[in-house]
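Quick note: the coordinates plus some simple rules give every number you see, no bench work behind them. All values reported here derive from a predicted model rather than from experimental measurement. Note that each Cβ is placed from the backbone with ideal geometry, even for glycine, and that neighbours are counted across all protein chains shown.
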Amino acid sequence: MYKQKMIYFGGDYNPEQWDEETIRKDMELFKKAHVNLVVLPVFGWAKLEPEEGVYDFDWLCRIVDMLWENGIRVLMATPTTAQPAWMSKKYPEVLPVDIKGRKRTHGMRVFFCHNSKKYRERAAALAEEMASRFASHPALAGWHVANEYGTYCYCPTCQAKFREWLKKKYKTPEGLNEAWNLAFWGRQIYSFEEMELPTELNDDYRFYPPIQQDYLKFTTDSVIECFENEYRVLKKYTPDLPVMTNMSGYIKKLDQFELCKHLDVVGWDNYPWPFEDRSLAALKHDIMRGLKQGQSYWVTEQSPNQQNWQPYNVLKRPGEIRRLAYQGLAHGADTALFFQMRQSAAGQEKFHGAMISHAGHENTRIFREMTRMGEELEKLGDRLVGARTRSKVGLIFDWHNWWAVELCSGPSKDLQYLPQVQKYYKAFYEKNIPVDILRYDQDLSGYDLILTPCLYQMRGDLGERIKTYVKNGGTLLTSVFSGIARENDRVILGGYPGGLREVLGIWIEETDALPPHMNNRMRMVKGTGFPEEAYDCSMLYDLIHPEGAETLAVYEREFYAGMPCATVNAYGKGKAYYVGTDPEQSFIDALAERICGEAGLCPPIPAPEGVECTRRDTKDRSFYFIINHRQDPAKVSLPEGLACAFTGEPRQGEQELAAGDVWILEKKNQE
């Protein structure tokens, strides 16, 4: 079985844009920067197959040989994200139809129907040609299928396959009518042929959550089939090499838990916006680590400098690319890969940052910073590869729930799932308490604390498993708009919060949804152990009746002033906390502080505010990542036994970490 022998450093290279002289110059620059892996040819289908069944691989073979001569490995990409123009013209059924019912024309990447038989036929044929040529090449480190799947298609092919998918899932029209409650508004069907896709041509369906959710699940399954169409070919030739694809930094479109079951390695593209809270990138890294529990993931793209597609494309500040790349390693990545290696001379992404800028030489700030990283990672060798993160906090994250929350008609247009998750995650991130991201059906027993923010949709036996977890001594923290519905958006009758009512010890009579200018306040109750402070709260306001739960905070305003808005319930040997509104961050931080104290949750190394600290472990050593996100130096007290992972220099006692700097420290563990 393939074993990664180093942290991969490099990224996307598009040599089909360049002449021989430039390519040879690139090889010299790659070596200077200590690049050890490139990804190619992601967008090279038209050059590899200029007409149907006619292949030209000479140029690619020369470049792969050249890379290997310079000691650089290749993550070989099947360039099936961008079909050639001849295919779109000859076989127009490969082109997608958008939600408005418009047949799209050729030119955009990822602009194909995942269910097109002709697309899959030609994609598999190209994969076969590539695998047969490169399977035994010593440079080959693995396969990268297509790029950033996620196009939604509403063509006749997808319509027919959606009906087949529904029939397989629900068996009969009556089963579908019952599951989706189609008696409402007289939507019942008597044949699956009567079922339409949720497009703008049919607003009844486009705004009906169960139909939309099943369409998104169907699209995920279609993408899985499309990926496996190439995966099977590649594994036939290289069974011991990893085959993966990369997901967009906008991760909502597909159920990545389902897709990643079929990948050998999780890969994603990390493009944080310049001014977004750093906890969001950390959360996404932890989501990636959670997609295949117990396994590292790959950051397949990030920008060496500014992006080109954001409203304000700010330059990466000195040290920022190193800080962002090492944040990925800190949370479980085994790569630091970038888009792109050389900046394009023309086209849509010509101003997207690159290791080699338009200047074309190494005498640039970015090239020097990339070279420093390459040198450091080369010194690190394979010691970090496969290292794991140990956590006693789990956060249940679910794409079906994400879709359900945001497709729901009410209670507020401002309710968004990921920001709600981020608020609760951030409270622990800022304390440097590691968090595992969990599937809805994952075992909970190994965790001291489970977070389930905005768990609107309760799938399977999750409610019973949560009750068992708390009863056996675990702590639960959940929030507003939780426990309300089952799969297919059917409300759990008998009173909110439905599937969580017993464990939380509360009954929610109503939920108010106020516009931003009517925000409320919440005040802590005396004798609960919290400072007697008040906090702002917004958006949603549960009217809570305790059924055994202790009230921690009450509303200050509106007709429900004095009613509980935050509670804790003793249940069996454990506790269940509930926050029935959307409070300001400082309240969640205070609540997290209390829970961490009760559960004995501690960071790997105590660090001041603005300094991120994580730990990854192998069998015989631990790695500590200490990242100063501040604009000023920070003092950190280090325990004995630590050394710089790059130089071996001992580090202990109080040390000053420069503004924006990163330490990777190593400790050898006793057998």
Links exceeding 26 Å between C-alpha atoms in this model, out of 379/619; 316/619; 284/413; 3/350; 635/668, come to 316/619; 3/350
Per DSSP, the loop-located trypsin sites (Lys or Arg not before Pro) within the range 235-279 having at most 14 other beta carbons within 10 Å are 261
Each label sits 7 Å from Cα toward the beta-carbon; between residue 361 and residue 631 the label points are separated, in nm, by 3.4 nm
At the level of C-alpha centres, the distance separating the range 93-140 and the range 23-49, in angstrom, is 22 Å
Taking every DSSP bridge whose two residues both lie in the chain, the antiparallel percent to the nearest 5 is 55 percent
Distance in nm between residue 135 and residue 22 label points, each 7 Å along Cα→Cβ, equals 3.5 nm
Asserting the computed 222 nm helical MRE of the chain (DSSP H runs at least 4 long, -39500 (n - 2.57) per run, divided by residue count, to nearest 500) equals -9500 deg cm²/dmol
Once residue 275 and residue 640 are pulled to full extension, the length gained, defined as 0.36 nm per residue separation minus their Cα-Cα distance, is 127.8 nm
Here the relative contact order (percent) of the chain, from C-alpha pairs under 8 Å and at least 6 apart, is 10 percent
Here, trypsin sites (Lys or Arg not before Pro) of the range 93-167 satisfying both criteria (DSSP loop; at most 14 other Cβ within 10 Å) are 100, 102
Length gained, residue 533-residue 160, 0.36 nm per residue minus C-alpha separation, equals 128.4 nm
Output row, site residue 100, 7 Å Cα→C-beta label point, backbone N cut-off 19 Å, window the range 148-168, residues 151-156
Toy charge model, Lys and Arg Cβ at +1, Asp and Glu Cβ at -1: the range 611-668 dipole around Cα centroid in debye, rounded to 20, equals 260 debye
Loop-resident chymotrypsin sites (Phe, Trp or Tyr not before Pro) in the range 177-286 with no more than 13 other Cβ atoms inside 10 Å, DSSP not H/G/I/E/B, are 190, 207, 250, 275
Magnitude of the Cβ-charge dipole (Lys and Arg +1, Asp and Glu -1) of the chain about the Cα centre, nearest 20 debye, reported as 860 debye
Once residue 545 and residue 236 are pulled to full extension, the length gained, defined as 0.36 nm per residue separation minus their Cα-Cα distance, is 105.2 nm
Length-normalised contact order of the range 611-668, Cα under 8 Å, at least 6 apart, in percent, tallies to 39 percent
In terms of the alpha carbon gyration tensor, root eigenvalues a ≥ b ≥ c, rounded if a/c is under 1.5 and otherwise prolate when a/b exceeds b/c or oblate, the chain is oblate
Classified through the alpha carbon gyration tensor (a ≥ b ≥ c as square roots of its eigenvalues; rounded if a/c is under 1.5, else prolate when a/b is larger than b/c, else oblate), the range 393-599 comes out rounded
Placing each pseudo-label 7 Å from Cα in the direction of the beta carbon, residue 439 and residue 661 end up separated by a distance in nanometres of 4.3 nm
Sequence order, the range 602-607: Karplus ³J(HN,Hα) from phi using 6.51 cos²θ - 1.76 cosθ + 1.60, θ = phi - 60°, Hz rounded, Gly and Pro as x, gives 10, x, x, 9, x, 9
With a Förster distance of 41 angstrom and the Cβ-Cβ distance between residue 177 and residue 556, calculated FRET efficiency to the nearest 0.05 equals 0.35
When 522, 6, 244 are ranked with the fewest other C-beta atoms within 10 Å first, the list becomes 6, 244, 522
